[in-house]
1. If a residue must be within 21 Å of the chain's Cα centre (by Cα) and of a type in the set (D, E, K, R), how many such residues does the range B:125-144 contain?
2. So A:Leu403 passes all but one of these: (1) at pLDDT 80 or above; (2) farther than 22 Å from A:Leu315 by Cβ. Which condition number does it fail?
3. Mind counting the residues in the range A:209-241 that are under 40 Å from the mean Cα position of the chain (by Cα) and buried (at least 20 other Cβ atoms within 10 Å of the Cβ)?
4. In the range B:163-201, what residues are among the acidic types (Asp, Glu) and touching a residue at least 40 places away in the same chain (Cβ under 8 Å)?
5. Filter the range A:761-785 down to the residues that are at pLDDT 95 or above and surrounded by fewer than 24 Cβ atoms within 10 Å (Cβ to Cβ) and list them by number.
6. Of all the residues that make up the range B:128-162, how many are in contact (Cβ under 8 Å) with a residue 40 or more places away in the chain and not in a loop (DSSP other than H, G, I, E, B)?
7. Given the range A:1-105, what helices (runs of 4 or more DSSP H) lie entirely inside it while holding 1 or more residues that are among the charged types (D, E, K, R), more than 14 Å from chain B (Cβ to nearest Cβ) and crowded, with 23+ Cβ neighbours inside 10 Å?
8. Please identify the pairs in which a residue from the range A:664-682 that is surrounded by 22 or more Cβ atoms within 10 Å (Cβ to Cβ) has its Cβ atom under 8 Å from the Cβ atom of a residue that is in a loop (DSSP other than H, G, I, E, B) and of a type in the set (Val, Ile, Thr), counting only partners at least 6 apart or on another chain.
Amino acid sequence: MLARSSRRYLTRHPWLTALAVVGVAVGVAVGVAVDLANASALRAFALSGEALTGRATHRVVGGPGGIPGSLAAPLARVAQAAPVVEGAVRPARDPGRVLTVLGVDPFAEADFRPFLGRPGGDGRGGAGLDAPAFLTVPGAVALSEGTAAALGVAAGDTLGLRVDGRPVTARVVGLIAPEDERSASALDGLFVADVATAQEWFGLAGAGGGRLSRIDLILPDDAAGDAALARVRALLPAGAEVRPASDQAGTLATMTAAFRLNLTALSRLALVVGLFLIYNTVTFAVVQRRRVLATYRALGVTRGETFRLVLAESLAVGTVGTALGLALGVWLGTGLVRLVTQTVTDLYFVVHVRELALDPGSLARGALLGLGASALGAILPGWEAAATAPATALRRSTGEDRLAANAGRLAAGGGLLAALGGAVLALPWGLAAAFVGLLLVILGVALAVPLVTRAFARIAAPVAGAVLGPVGRMAARGIETGLSRTAVAVAALAVAVAATVGVSTMVTSFRTTVEEWLTSVLQSDVYVSPPATVFRRGGAVLDSALVARLSALPGVARTDAVRVRTLDAEQPPFDLVAVRLDATRAGLYRYLDGSAEAAVARRDEAVLVSEPFARRNGVWAGDSVTVLTDAGRRALPVSAVYADFGNDLGVVLLDEALLARFVADDPGPTGLALTAAPGTAPEALVARARAAADGVQTVDVRSNRALREASLEVFDRTFVVTQVLRLLAVGVAFVGVLSALMALMLERRRELAMLRAQGMLPGEMRAMVVAQTALMGLLAGLVALPLGLVLAAGLVYVVNVRSFGWTLAFVVSPGVLVGAVALAVGAAVVAGLYPAWAMARTPPAEALRDG
Amino acid sequence: MPHSPSPIPGAAGADAFALADVTRRYREGGGWRTVLDGASMAMPAGRIGALVGPSGAGKSTILNLLSGMDRPDAGTVTVAGTRLDALSERERTLFRRTHIGFVFQFYNLVPTLTVEENVRFLLDLARAPDARGRAAALLARVGLADRAGAFPDRLSGGEQQRVAIARALAHDPALVLADEPTGDLDAATGLRVLDLLEEVTRERGGTLLMVTHDRSLLDRVDVVFELSEGRVVESEGRGAKGEGTDARIAPATPPLAPRP
C-alpha cells in the first residue's frame, strides 16, 4: 500500500519526477561516456599492440639508434626470432591521417603474427603474405581490407606516402582479411612491409643489415626457454637488452593514467551535481508530504518503514534515470571517443579507434554510480521523513523547516569537511586522494549554503524592496521561507559554476604559463622540422642536404640544431633531446633545481631533466639517471631540473657532443632553428627556407609566432574534452535549478493564489518569481567564486603537479569571474521563466481549491 | 503477520486506559514548560469519553501519550493492559498500529490512495485476511460504499471524516482516539459525523476518547475529563458531581442504549 501511494505520488508530479530522472541520466551518461571513450582508446592501443607484438614472448630492444640488423641472424640460430622495423607514415593525399608501418621478414613471421598467414599464398589473408612480391616489388605493402577501403585503394594500386615529410611510394601487393572483429580492429591503420623497405623508408638501411627497431623472440616457458634466453643475452652487444614483451602492455596505461584520471574526475562532476538534484527532488517529496508522512507515523508505520519508503522512491527514479543514462552514455561516447582519441594521438602515440567498445565494466560502474547516487541523495531526506513526529499529524501547520533549524550545525559540519578536504589535498597521497580532497571541499561548502542563503535573503530583502518594492521584498523573503528547496538549488548551481571557475582558471593559468614558456624558449626566428606524426613526440629527421642548405642561407646569423630521440625502450618512454648547450641556450630555461651555469659547466658529462621527468622519477640535481644508449646503459649525473611544458612524459636534455658519445650513427637533426641576422626580416627567412626545402623534403617551416600559435592550437584542442564535460555539468545544474523552482512554486501554489486573489497582477507575480530566481542565481554565483578559486588552486598546485609534473603560475582572469556570476544569474533566470509563467496564468480559484 | 483482533478488555470496569501521575514537560525558549503535572485519569472499556479544556491545557499531549506517540517524563501510561511508557519507540508504533484507531481533526486521508485503500491501509500493512471485504463493509456502514474508488480530494469534508472513521475502526482497535473530529466541519455535518462515530463505537462495544471544545457534545458521552493547569482537576460524568482532585471518574449515568 505504501508503494502504491508512492507510485501515484510520483506519477502525479510528472515534471518533477522527469527532471530528477533527467538529472540522474545526464550524470550517469557523462561518466559512462568518458569511461567508454577511455576504455576504447586503451583497447584500441592494446589491440594494435597485440597485432604488433603477436605471439612474441620477448623482444630485443636498443637505445636511440635501435639495434644492429646483423644481430638477427645469430639470434635466429638460438631462438625463434623475427626482425621488426616500426614507424609512422601519412598518406600524401590525406596528411591528417597517421598509419603505422610494420616492417617484417615474411619468412619469419608465421609463428609471430599468424594473422599475416604463411608465405607463398596468393595475397589474401589466411593464405598468407605474397612473399615473392614482398621481396621483389619495390615499396610492397599488405594492409587489411578495412584499411584499404578507408584509403580507397585495392590490390595492385600504388599509394603516395610521406615519411618524415619525404615522399615514398607504396604498392599494395596483398590484402589481409581479418578472421574476426578483434583482428580487424588490431589491423586498422597498419601497413605490413618487408624489413628492407621499412628500413629504407625510415633511414635505417645500411651496411651489415642496417638497424632495426627490435627483434621479437618466442621462448618457451620452461628450462629450455631459460637456457635460450641466456644464450640470447650472451649474444647481445652493449646498447641492446632483452625484455618481456608484456612490458609494453602496461606502457599505454602508465603513459595515459593521469590524463584518463583527470577526465574521469571531471566526468564525475556531473554526477555530483546530479546528486543535488536527487536530494532536492526527494526532499521536496518529503516536505510536500509531511502531513501524509506524519499520518503514516500516527497510524503505526515505523521509522524504518518510512525511511525505506523514501529510499525506494529515490531508487525507482534512479533506476529509470540510470537506464536512460546508460543508453545516453553510449551515444555520447561515440562522439567523445573521437575527441579522446585525437587528444591521445596528439599527446602520446598514434591510436585508431574504429568504434566505441562497450566495455561491460564501464557500464556496470555507471549503473552502480547512478543507483548509488540515488540512494545517497535519499539518505538525508529519508532520515528526515523517518524522524517526522507523528504528532505533527494532529497540527494544522506542518512544522518547522528542519533545514532552517539545522543550518548552523550544517555549516559547522561543512566547515570541518572542507578543512578535512584541504588537509587531504595538502598531504602527499597521490592523484586520486587529491580528487577526494577536492570533493570534500565541494561538499563542505555545499553544507554551508543553507546558512549563507538565509543570511543573504535577509540582507537582500530590504535592498530588493527598495529597488522593486513589495514584489522585491517578497522575492527575497521567499528564498528564506522555502530554504530547504532554495538552498539546495543554490548549492547545485554554485557547485557547477564553481567547477567552471575552477577549470577555467586552471586552463587560463596553464595557457598563460605555456605562453610565457614558449616566449622564453623560442628565441629563434624560424623553425624547420619534418611534420610530426604525434605532435609532442620527436624522431623525424631532416634530410642532410636540406640541413646544409638551410645552414648556408643568406641572412642567417645563428643555426641551432636539435636532435630528439624518443626512447621507446624505456618504461615509460621519454625523450632524449640534444642541443648545443651553450650559455645562450641554457639561459632560455627556467630552473627549478640547479642553474644555467651548472648546466653549461658540466655539459660534457651531465644532463638536465625536465620537471615532469624529475617528479615522475624522483630525480633532482645531484642525482643521476640511467639511459639505454647504443653504447649500453649509462648512468648520467643530473646538473639541473628545468621547466618544460612540451612533454609530460619527460625529457632528458644534453649537449649534442655528449649524445654523440652514445649514439652509434647520427641520422642528423630532427629540427633546425634559424636566427635572422640584423637587417633580415623573419618573413624573408621563412620564404628562403621554404624555397630551400622545395623538392628535397616536405617540412614545416614556421616563424616564431606561427610555431607559438600552432603549439597553443594543440593545447586548446586537448582541452576541448574538458570544456565539453564542464558544460554538461552546468546543464545538469540547470535542470536542478529548474526542478527546485518548480517544486517551490508547487508548494506555494496556495499562497501565491491568495496573492492573486487579493489583486496581484500576473505581471507582478512573474516579476516576483523572476526576481527570486535572479537573486538565487546571484547568490550561487557569489558562492561559486571563492569555491571555484579554491578548486582552481587545488587543480593547479596539486592535481596538475601530481598528474603531469608541471608547476604552473596561478592566473585569475577577471573575465572568468564576471562570466561565472553572469552564467549563474542567467541560468537561474532562464530556469525561472517557466515556473513564473505557469504560476501567473493559473486561475486563483483553482489553486486555492487544490491547495 | 496475520492480523488478530485486538483484545478488548471484556469485563465491565476493566480500564481501557489509565494514566497515573504523569508529568510531561517541553522545552520552550530558554526554559521548560510543564504541560502535565502529575495527572491521572482512567476510563473503563466500552465507554465514550470526552477530554475538554482550554487551548494549551495538554489535551493533545494526553492523546499523544495514549497513542504511544510520546512518552511521559514521569508516571505510567497503560492502554489495553500494556504499559506504553516501558516500550521502545518501535514497539509503541507497532502497538499503535494494532490497538489504536485515530480520527484526526483534518481527516488526514492519504491523497494518493482511494477511499477504499485508505480504509484498509492498516489491514494491508498487517497483511490481514479479507482486508477488502472488511473495508467494503465499513464503507457501507458509513454510507460511502459508492465512493470506494474515489480519491479524497473529490469528497466533501464530512465525507472525508466518515472515511477516516471507517479507517480508524477497520482493525478493531482497543481504543479509538478522536482529536476534535468535528472541528473542521459545519454544525450540521459535525453532528452527523458525531452521531456516526457514537453509533459505530457502541455497536462494536469499543472505547472512544474524544478531544472537543464543544461542550454541547458532553451530553453524549459517558465520561468527561477536564484538564486545567496540567492536571485532570475535575472529572465528571453526565449528571454526576466531582469527587475532587485527581479522583477516578465515576460514570454518573448509564451508557446510551445502542442504536439500531
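The values are calculated or read from the model by the stated rules, or taken from the named source; none is laboratory data. This is a predicted model, so every value here is computed, not measured. In this analysis, Cβ positions are derived from the backbone assuming ideal geometry, glycine residues included, and neighbour counts consider all displayed protein chains.
1. Looking only at that region, the number is 2.
2. Just one mismatch for A:Leu403, condition (1).
3. The number of residues fulfilling the criteria is 11.
4. B:Asp172, B:Asp179, B:Glu180, B:Asp184, B:Glu198, B:Glu199
5. Selection gives A:Leu778, A:Leu782, A:Leu785.
6. 6
7. A:14-53
8. A:Pro669/A:Val541; A:Thr670/A:Val541
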